[in-house]
């Protein structure tokens, strides 16, 4: 049996993290460790998570970002397959863990992800927000020009791939370069609807995310010197 780790990246997530942990308890596969990689929370996040069977690791600086937290959490994990969740992203399906494991039955797959929705939040107009990214449909291998849809806040990765290519820590374009590098080496990115998550109330700026991502991605494509994305 493969070892599995779920890493939850937290920073002042006292209002959300327990819902994530409660959802993980209900998974159809319960053979995994849970690591809280905390970015110097100043609220009751760590007090709450200590009521659950989790391992807590803390980053040294409040300035450390999501990329640093992911790398730090993975370096402290025992899993061969690693699930990454932000502290306010809740799995929708009770088959979240088993579906992520199943995606890696294909050896060429190095990363898997699902849709992200803001269904629990209202915009400043008072209407429910639509998913940040348009649904990619059923489970499948995504095309290279769809890598902008891979959300850094929720995905599954094989630890052996991470050991050879740690996730970049600084900006979104570096992250796309990391994905493109893996695609050039004939690795695949897998989309699995049962890996979908919903985001809770913290990310008020997410309503503007898609426009910014599209703009940055187009700039990234213009600077690519190869024909991978053509």
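Details
- Some residue of segment 195-205 being over 30 Å from residue 43 (Cβ atoms) and at pLDDT 80 or above: no
- Residues of segment 27-72 that turn out to be assigned to a helix (DSSP H, G or I), at pLDDT below 95 and within 19 Å of residue 12 (Cβ to Cβ), as a count: 6
- Residue count, segment 3-15 (criterion: out of contact with any strand residue (DSSP E or B) (no Cβ under 6 Å at 6 or more places or on another chain) and surrounded by fewer than 22 Cβ atoms within 10 Å (Cβ to Cβ)): 4
The values are calculated or read from the model by the stated rules, or taken from the named source; none is laboratory data. Predicted model, so just to flag it, every value in this text is computed and none were measured. Don't worry about glycine lacking a Cβ; one is built from the backbone with ideal geometry, like all the others, and counts go over all protein chains shown.
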